[in-house]
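In what follows, a single structure is set out as structure tokens and then discussed.
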Amino acid sequence: MIIVGIDMSKNSPGVCVREDEKITFMSFIRGSETKRNTAHFTALREKGVHITFNPRSTKVKEYSELEIWKIEDASLLAKSIVSQLPDHVDMVGIEGFSYGSKGNSGLDIAGYAYCVRKELFEKYGKKMCVFAPSNVKKTAGKGNAGKPEIMKFFLESQEPDLQNNAFWKGLSKKEINEEKPVDDLVDAYYVQECTRQHYLSQLIDTI
């Protein structure tokens, strides 16, 4: 069984891939590695997190040029993410939009997320689902949980496959700092859990 969960953001989308009992985390970072906290990312890599840097930035100031640049940037990011996913999955899930988000940032994230959805649909067809943020949080432990609570639920997880994962071990032993993109990876795990539960429920319905 291969299940994929994606937590979408502009700057550090997180991906969690489950292949039977094996769990893999992937992070896609905006910016070049030299401009980031390399010690933090080195620690993540040592704990098995696959990191891809997308060293694209813009100095464009004019409105129309910037908006067109965003289309290109979103398309490149989406292709980068989806190209590194398994060729075949049982199901892939992505978190839906938080309609409480305000301003241009929320609109931009929606635009980037739709580019990812398009690439996912072209690769996997209807083997995908979209979950409300509250559903993802409920799967973690509470439907209105904030990021600190989600992290707490993650670290207290008794799920054997997760406890065998090097990223989870490193985080629980404080060998990894709880800074970006760690929260996106944690969210991606719970999107994956939503997807897995949805897929298994469909299997039961067909019996």
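All of the numbers you see were taken from the coordinates with simple rules; none came from a lab. Worth saying up front: this structure is predicted, and the values here are computed from it rather than measured. For neighbour counting, all protein chains shown are included, and Cβ atoms are generated from backbone atoms with ideal geometry for every residue, glycine included.
When the helix-only estimate is applied to the chain (DSSP H runs of n ≥ 4, each -39,500 (n - 2.57), divided by the residue count), what is the mean residue ellipticity at 222 nm, nearest 500 deg cm²/dmol? Write down the numbers at each step before the final one.
Numbers: 8 runs with 105 residues, N = 207.
So the helix-based figure for the chain works out to -16000 deg cm²/dmol.
Once you sort the root eigenvalues of the Cα gyration tensor of the range 99-207 as a ≥ b ≥ c, which label holds: rounded (a/c under 1.5), prolate (a/b larger than b/c) or oblate (the other case)? Provide the component values of the computation, followed by the final result.
Working: a/c = 1.72, a/b = 1.15, b/c = 1.50.
Oblate is the answer for the range 99-207, as a/c is 1.5 or above yet b/c matches or exceeds a/b.
At a Cα cut-off below 18 Å, give the aspartates and glutamates reachable from residue 138, other chains included and same-chain residues fewer than 8 away excluded.
Straight-line reach from residue 138, under 18 Å: 7, 95, 149, 156, 159, 183, 184, 187, 193.
Under 5 Å between amide hydrogens, which residues at least 5 positions from residue 127 or on another chain qualify, with H placed 1.01 Å from N in the peptide plane?
Long-range HN contacts for residue 127: none found.
So what is the relative contact order for the range 39-136, in percent, with contacts set as C-alpha pairs under 8 Å and at least six apart?
Numbers: 59 pairs, mean separation 32.3, N = 98.
Computed value for the range 39-136: 33 percent relative contact order.
Determine the dipole magnitude for the chain: charges of +1 sit on the beta-carbon of Lys and Arg, -1 on that of Asp and Glu, nothing else is charged, the reference point is the Cα centre, and the result goes in debye to the nearest 20.
Values: 29 positive and 29 negative charges, 87 e Å.
My answer is approximately 420 debye.
Running a GNM on the chain with Cα contacts under 10 Å, which residue among 85, 107, 77 ends up with the highest mean-square fluctuation?
Sorting by GNM fluctuation, first place goes to 107.
Beta carbons within 10 angstrom, averaged per residue: use that to sort the peptides 197-205, 6-14, 129-137, highest first.
For the peptides 197-205, 6-14, 129-137, the packing ranking is 6-14, 129-137, 197-205.
Binning at 5 Å from 0, report for the chain what percent of all alpha-carbon pair distances ends up in each bin.
Result, from short to long distances: 1, 7, 15, 20, 20, 17, 11, 5, 2, 1, 0, 0 percent.
How far, in nm, would the chain grow between residue 42 and residue 164 when pulled straight, counting 0.36 nm per residue and subtracting the alpha carbon separation?
Working: separation 122, 0.36 × 122 = 43.92 nm, distance 2.01 nm.
Fully extending the segment from residue 42 to residue 164 adds 41.9 nm.
If you take the charge dipole of the chain about its Cα centre, with +1 on Lys and Arg Cβ and -1 on Asp and Glu Cβ, which of 167, 43, 89 is farthest toward its positive end?
43
Among 66, 76, 155, which one shows the highest mean-square fluctuation when the chain is modelled as a Gaussian network with alpha-carbon springs under 10 Å?
Ranking 66, 76, 155 by mean-square fluctuation puts 66 first.
Assuming R0 = 22 Å, can you tell me the calculated FRET efficiency for the pair residue 147 and residue 110, based on Cβ-Cβ distance, to the nearest 0.05?
0.65
Using a cut-off of 19 Å between alpha-carbon atoms, which aspartates and glutamates can reach residue 61, once sequence neighbours fewer than 8 places away in the same chain are excluded?
Output for residue 61: 72, 73, 108.
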